[in-house]
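Worksheet: the structure to be examined is printed underneath.
Every read-out reported here was derived from the displayed coordinates using simple, explicitly stated rules and does not represent laboratory data. This is a predicted model, so every value here is computed, not measured. Please note: Cβ atoms are built from the backbone with ideal geometry, for glycine as well, and neighbour counts cover all protein chains shown.
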Amino acid sequence: MYQPPAFREDRLEILCDLIRAHPLATLVTHGASGLAANLAPFTLVTGHNGANLLRAHLAKANDQLADLRQGCEALVIFQGPQAYISPSWYPRKKEDGKAVPTWNYIVVQAWGRPRVIDEPAWLLAQVDALTTQQERDRAEPWSVGDAPESYIAGLIKGIAGLEIPIDRMEGKWKASQNQPALNRAGVVAGLRRLDPTSSMAAAIEQAG
C-alpha cells in the first residue's frame, strides 16, 4: 500500500482497534480463475499462541472457498471513516488560491495464509463470537442460543470457517496531517457542519 510518511500508521494497538471498530472487510484472493473479492465480517483474536488471527465464515456455495483451500496468501482490507474534503474549507486558500479537493480515509490491510475449517464446533464458536461482538452494546443483546438448536445446526452445515494468521499489517490514516493547523481546523468545522458526529472530523483532531 502506498504510505507517505505523514499518513503511515504502524502502532499495532491502533490497527487492531480499527479492525474491531470496522469488522466488515474485503477479502481478496488470487486463484486459478483470477482475482476474487468478497465482503465478510471478521473477528480478531490477539495473542493467540503468540500470533494475531482473523476469523470469519463464508457460505459453502461461495466460489472463493476453492482459492482459500489452496492456502494461497489472502489480503483482508478493513475500511474506516472516509470523507470528501472540499478546498473551500481551507482558510489559507484565500492567500494564494492554491488548493484542490482531496479524499480523507482510514484503512488497514492484513496479509496471511488462510486455513479453511469445516468443524461444526469451531463454526458455532465463531458465529457466537461474531454475534457477541456486534450485540454487546445493545440494551437487550441477541445471542445464538436464542434460536432453536436444530435451526442453528442446519445453518452451520451451509458455511465454512476461515482462519488467517496475520503475517503483516499496514495502516494508512489520511486525515489532513499534511495541512497546517488552520486548514485542519477548517476541515473539521466543514465536516461537522455536514454531520455533527463525523468520525473523520474526530480522526483529524486525533491525528493533529
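For Ala202 and Gln82, the difference between the fully extended length at 0.36 nm per residue and the C-alpha to C-alpha distance is 42.1 nm.
Which is farthest toward the positive dipole end of region 90-202 among Trp122, Ile166, Ser176, measuring Cα position about the Cα centre, with Cβ charges +1 (Lys, Arg) and -1 (Asp, Glu)? The residue sitting most towards the positive pole is Ser176. Qualifying GluC sites (Glu not before Pro) in region 1-80, where qualification requires a DSSP coil assignment and no more than 15 other C-beta atoms within 10 Å, comprise Glu73.
Computed from the C-beta positions of Ala189 and Arg136 and an R0 of 45 Å, the FRET efficiency is 0.85 to the nearest 0.05. Only helices enter this figure: runs of n ≥ 4 DSSP H residues, each worth -39500 (n - 2.57), summed and divided by the residues of the chain, yield -9500 deg cm²/dmol at 222 nm to the nearest 500. Dipole orientation for the chain: of the candidates Gly112, Ala201, Leu12, Ala201 has the Cα lying most toward the positive pole (charges on Cβ; Lys, Arg +1; Asp, Glu -1). Restricting attention to the chain, lysine pairs at least eight places apart or on different chains and with alpha-carbon atoms under 29 angstrom apart total 6. Against the chain, whose longest principal axis comes from its Cα atoms, helix 12-21 is set at around 70 degrees. Once the Cα-Cα distance is subtracted from the 0.36 nm per residue extended length, the Lys157 to Asp96 segment shows a gain of 15.6 nm.
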